[in-house]
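The values are calculated or read from the model by the stated rules, or taken from the named source; none is laboratory data. Predicted model only: the values in this text are computed from it and were never measured. Cβ placement follows ideal geometry from the backbone for every residue including glycine, while neighbour counts extend to all protein chains displayed.
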Amino acid sequence: MSENALPLLRAIEWLPESALQDPVLLDWLMEEDSMTRRFEGHCQKVTVNLLREGFISRTEAGNDVSLLPEDQRIWVREIELCGDGVPWLVACTLVPESTLVGPEQKLQNLGTVPLGRYLFASSTLTRDFIDIGRSGGLWGRRSRLRLSGKPLLLTELFLPASPLYRQGYVEEKL
């Protein structure tokens, strides 16, 4: 599923805030805390399948890179987040090379550790915004986060098995 979901992740259409009215769905999509932590409340174990990581050029990073500084090299990390072995979310993290200085260098060595476990353990974490969107009938979101003021962009697409869809609103009409 994850390999097929990556093109959907890259094709999310971002919606105006007013486009979504369902309070339960909004509660999931606008989650300010760690999505890893939220998922842990719905399964025995959250795991990460690493799909891709490494440096890419700015042009390879896609349109969302315009939300980041002008660095020419971007660290990309694409993963699948699973609850009890079932893929619940695919995510792409874009980190400008200039962010990877000091303690933030650890972002390059997370391996199968969920990003949320690293980010939300930091007292220097802030979030600039959360955008919500859709792709292929699935819900997604993106956030620009900052560690010690240094930005990174996280885009997430909730897969069909995700607990987000278990609340009786599998297909939200806009």
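Taken over the stretch 40-50, the criterion of being buried (at least 17 other Cβ atoms within 10 Å of the Cβ) and touching a helix residue (DSSP H, G or I) at 6+ places or on another chain (Cβ under 7 Å) is satisfied by Val46 alone. With respect to the conditions (1) at pLDDT 95 or above; (2) outside any helix (DSSP H, G or I), Phe39 lacks only one, and its number is (2).
Taking every residue in the stretch 43-59 that is of a type in the set (Lys, Arg) and pairing it with any residue that is loosely packed, with under 14 Cβ neighbours inside 10 Å, at least 6 positions away or on another chain, the pairs with Cβ-Cβ distances below 9 Å are Lys45/Asp84; Lys45/Gly85; Arg58/Glu70; Arg58/Gln72.
Looking across the stretch 101-129, the residues that are touching a residue at least 12 places away in the same chain (Cβ under 8 Å), on the phi < 0 side of the Ramachandran plot and in a helix (DSSP H, G or I) come down to Pro103, Glu104, Lys106, Leu107, Gln108, Leu115, Gly116, Arg117, Tyr118, Leu119. Every residue in the stretch 79-131 that is under 21 Å from Leu8 (Cα atoms), surrounded by fewer than 20 Cβ atoms within 10 Å (Cβ to Cβ) and among the acidic types (Asp, Glu), please. Of everything in the stretch 79-131, just one residue is under 21 Å from Leu8 (Cα atoms), surrounded by fewer than 20 Cβ atoms within 10 Å (Cβ to Cβ) and among the acidic types (Asp, Glu), namely Asp131.
Here the stretch 151-174 is the region considered, the condition is being at pLDDT below 95 and charged (D, E, K, R), and the residue that is surrounded by the fewest Cβ atoms within 10 Å (Cβ to Cβ) is Lys173.
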